[in-house]
Amino acid sequence: MRKYWWKILSIICLGVALTAGVLTPLSPGISNITPESVTSDSTYTINFYCQNAHLLSNQNSLQCFLSADSGKTMLCGKNILVKSDHQLTANFYFNHNIFSGNTKIKYLDAAINNDMDGTFAEFSAIKAVRDTTKNDVLAPAKCGVVIKNTDPQFFSFPYRDILIESIRNLYFHVPMWFAMIIILLVSAIYSIRYLYTFKIDNDIVASECAKVGLLFGLCGITTGSMWAKTTWGAYWNNDPKESAAAVGLLMYFGYLVLRSSIADHDKRARVAAVTNIFFYAIFIPLIFVLPRLTDSLHPGNGGNPGFNSYDLDNHMRVIFYPAIIGWTLLGVWLVSIRYRIRKLQNKIESA
Amino acid sequence: MKKTLLTILMLLPLATFAQGNDVADKFGNFLRESGKLYVVFAVIITIFAGIIAMLIRQEMKLSRLEKKITNKN
């Protein structure tokens with residue numbers, strides 16, 4: 001039993017990542033608002049379409065408002081009518097006071113607040129156009145909104161506009177690369193060990209690690225391109241991060257080809273070990289450093305903020321770290337199975 | 001045994017429909033309304049397909065070795 005603890009840990013971690021990663025609800029968010037454009041000095045009925053909200057059961061604490069200039073201008077919804085958990089309508093009177101000075105157009109953020117869902121908003125949701133024919137109506141543009149909770153009162157993942165539900169891929173696509181990097185590091189370490197000891201076992205570990213790492217890399221790049229299709233618009237965008245990852249994987253393919261092209265065991269092991277160390281040393285700057293030097297669509301590169309700065313909140317972390325541990329240990333498990341089969345093969349063939 | 005399993009599997013979708021539109025609606029909404037969830041499932045399936053493909057190849061290798069041993073004895 002003691003021998004298997006890490007396999008059990010891997011299963012538990014993957015179970016947590018799969019169940020919690022798929023089943024945890026998203027935070028509430030506003031998906032659509034109609035009409036998108038209004039003219040000033042008139043009353044409009046605005047439709048709010050929300051996701052993952054609990055509007056019906058929290059009508060007592062429901063507030064619905066539009067704001068601009070970071071809360072200095074605020075319009076409160078009147079006659080709020082909740083149609084379902086996901087839809088409500090409210091009347092807004094757009095007066096001239098929302099326009100400061102001579103501005104003709106103002107973008108208003110729309111927000112909903114209740115006790116359970118906290119505050120959720122869509123920024124620049126409504127475009128207000130100033131009606132210049134009528135000018136001197138002065139009504140207060142401020143209304144009293146008392147916000148008790150800004151965060152949802154249930155365990156949830158953040159709601160992000162383009163990502164929406166695909167934010168859950170954080171537990172499947174991202175750990176692929178984490179696991180790959182860790183396993184390839186093990187591979188490089190065993191290559192160094194081989195060059196010190198010239199024991200063939202070290203070479204076997206290094207090559208099996210490279211193969212499993214390559215599998216994770218392939219899974220990572222295919223899942224990444226699927227995710228890119230829904231968020232960036234195309235399967236392949238020639239993004240620096242994508243290209244660098246592809247080049248890196250090709251390098252490791254080259255490593256495997258090199259191995260199979262040398263028949264002599266010792267010579268193969270020695271050449272492969274040296275190449276493996278060099279490839280790892282090139283691979284790290286290739287996928288972690290170079291894409292950061294230029295603009296990239298991928299989070300964490302160029303001027304693009306990484307997941308950890310605003311998307312990876314504490315709720316996501318709770319499941320993200322077990323996911324990394326789980327997938328990495330699964331990789332180690334695969335390596336150990338491959339290693340044992342290779343050892344067996346060598347024994348049988350030499351006997 | 002195989003037959004019963006197959007029957008149960010074939011009846012499963014019926015069972016979900018039998019529970020009425022409510023459940024079907026809820027599930028439909030779960031997939032549709034909450035946007036882009038299908039990518040997550042596609043990603044999970046891809047990863048498992050990759051890992052299972054590797055396991056199958058290892059199994060084939062192992063069977064070959066087993067055959068070799070039995071032939072030698």
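The values are calculated or read from the model by the stated rules, or taken from the named source; none is laboratory data. Keep in mind that this is a model prediction, so the values were computed, not measured. Because the Cβ atoms are built from the backbone with ideal geometry, glycine has one as well, and the counts that use them run over all protein chains shown.
Structure summary
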quantity	calculated
Near pairs, Cβ below 7 angstrom, 6+ apart or cross-chain, from segment A:191-217 (away from chain B (no Cβ under 14 Å)) to any residue that is of a type in the set (Asp, Glu)	A:TYR194/A:ASP203
The one condition in (1) modelled with pLDDT under 90; (2) facing chain A (nearest Cβ under 9 Å); (3) in a helix (DSSP H, G or I) that B:SER34 fails to fulfil	(3)
Residue count for segment A:1-24, restricted to those that are crowded, with 16+ Cβ neighbours inside 10 Å, of a type outside the set (A, V, I, L, M) and within 14 Å of chain B (Cβ to nearest Cβ)	3
Selected residue (only one of A:LEU108, A:LEU81 is outside any helix (DSSP H, G or I), on the phi < 0 side of the Ramachandran plot, more than 14 Å from chain B (Cβ to nearest Cβ) and without any contact (Cβ under 8 Å) to a residue 12 or more places away in the chain)	A:LEU81
Filtered residues of segment A:218-245 (kept if part of a helix (DSSP H, G or I), hydrophobic (A, V, I, L, M, F, W, C) and either within 12 Å of another protein chain (Cβ to nearest Cβ) or touching a Leu at 6+ places or on another chain (Cβ under 6 Å) (or both))	A:LEU218, A:CYS219, A:ILE221, A:MET226, A:TRP227, A:ALA228, A:ALA244
Total residues in segment A:191-242, condition within 16 Å of A:ARG270 (Cα to Cα), modelled with pLDDT of 95 or more and among the basic types (Lys, Arg)	1
Sole residue being under 18 Å from the mean Cα position of the chain (by Cα), at pLDDT 50 or above, surrounded by fewer than 10 Cβ atoms within 10 Å (Cβ to Cβ) and more than 12 Å from every other protein chain (Cβ to nearest Cβ), chosen from B:LEU11, B:LEU5	B:LEU5
Filter result for A:LEU286 (within 14 Å of chain B (Cβ to nearest Cβ), in contact (Cβ under 8 Å) with a residue 24 or more places away in the chain, surrounded by 13 or more Cβ atoms within 10 Å (Cβ to Cβ) and of a type in the set (A, V, I, L, M))	no
Members of segment A:25-45 that are hydrophobic (A, V, I, L, M, F, W, C) and either surrounded by fewer than 18 Cβ atoms within 10 Å (Cβ to Cβ) or assigned to a helix (DSSP H, G or I) (or both)	A:ILE33
Filter pass, A:PHE48 being in contact with a strand residue (DSSP E or B) (Cβ under 8 Å, 6 or more places away or on another chain), at pLDDT 90 or above and in a strand (DSSP E or B)	yes
For A:ASN169: the one exception among (1) on the phi > 0 side of the Ramachandran plot; (2) crowded, with 18+ Cβ neighbours inside 10 Å; (3) out of contact with any Pro (no Cβ under 6 Å at 6 or more places or on another chain)	(1)
